[in-house]
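The values are calculated or read from the model by the stated rules, or taken from the named source; none is laboratory data. As the structure is a prediction and not an experimental result, all values here were calculated from the model. For neighbour counting, all protein chains shown are included, and Cβ atoms are generated from backbone atoms with ideal geometry for every residue, glycine included. Just the protein is used for accessible areas: all its heavy atoms, side chains included, with ligands, DNA and RNA removed. Shrake-Rupley method; radii C 1.70, N 1.55, O 1.52, S 1.80 Å.
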Amino acid sequence: MQIPLSWLPGLLCLLEESGQPEAVLELGAEFADSQAATPYRRDILMAMSLAKCTFARKVVHEFGDFRAC
């Protein structure tokens with residue numbers, strides 16, 4: 001599948017909202033350091049951050065609130 005690079009941040013947000021944080025992290029990692037993606041880098045990193053928050057939310061929900069030393 002090919003999309004314009006300018007659509008990538010929106011695609012990542014849609015993937016996150018549809019419950020596919022793994023895909024967000026995978027695609028985002030491919031393009032985050034790409035020179036061509038520089039204008040969209042912050043948006044790509046923000047979508048990846050939201051995906052990581054989703055994983056953290058799942059862990060807290062599964063194991064409950066816990067404190068680390």
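How large a share of the accessible area of the chain, in percent, is made up of carbon and sulfur atoms when the probe is 1.4 Å and the other protein chains stay in place?
Working: 3180 of 5360 Å².
For the chain, the apolar C and S fraction of the accessible surface comes to 59 percent.
Express the relative contact order of the chain as a whole percentage, based on alpha carbon pairs under 8 Å and six or more residues apart in sequence. Working shown, then result.
Working: 45 pairs, mean separation 22.5, N = 69.
Relative contact order for the chain comes out at 33 percent.
Would you mind calculating the gained length between Leu14 and Ala36 on full extension (0.36 nm times residue separation, minus the Cα-Cα distance), in nm to one decimal? Please list the in-between numbers first.
On the way: separation 22, 0.36 × 22 = 7.92 nm, distance 2.13 nm.
Taking 0.36 nm per residue and subtracting the Cα distance, the gain is 5.8 nm.
With every protein chain left in place, what is the accessible area per residue of the chain in square angstrom, probe 1.4 Å?
Numbers: 5360 Å² over 69 residues.
Averaged over the residues of the chain, the accessible area is 78 Å².
Size of the dipole of the chain about the Cα centre, Lys and Arg at +1 and Asp and Glu at -1 on the beta carbon, nothing else charged, in debye to 20?
Working: 6 positive and 9 negative charges, 45 e Å.
Using Cβ point charges on Lys, Arg, Asp and Glu, the chain gives about 220 debye.
What is the sum of charges around Lys52, taking Lys and Arg as +1, Asp and Glu as -1, for the other residues whose C-beta is under 14 Å from the C-beta of Lys52?
Details: positive: Arg57, Lys58; negative: Glu16, Glu22, Glu26.
The answer is -1.
Provide the descending list of Cα extents for the chain along its principal axes, expressed in whole angstroms.
Per principal axis, max minus min of the Cα coordinates gives 41, 26, 14 Å.
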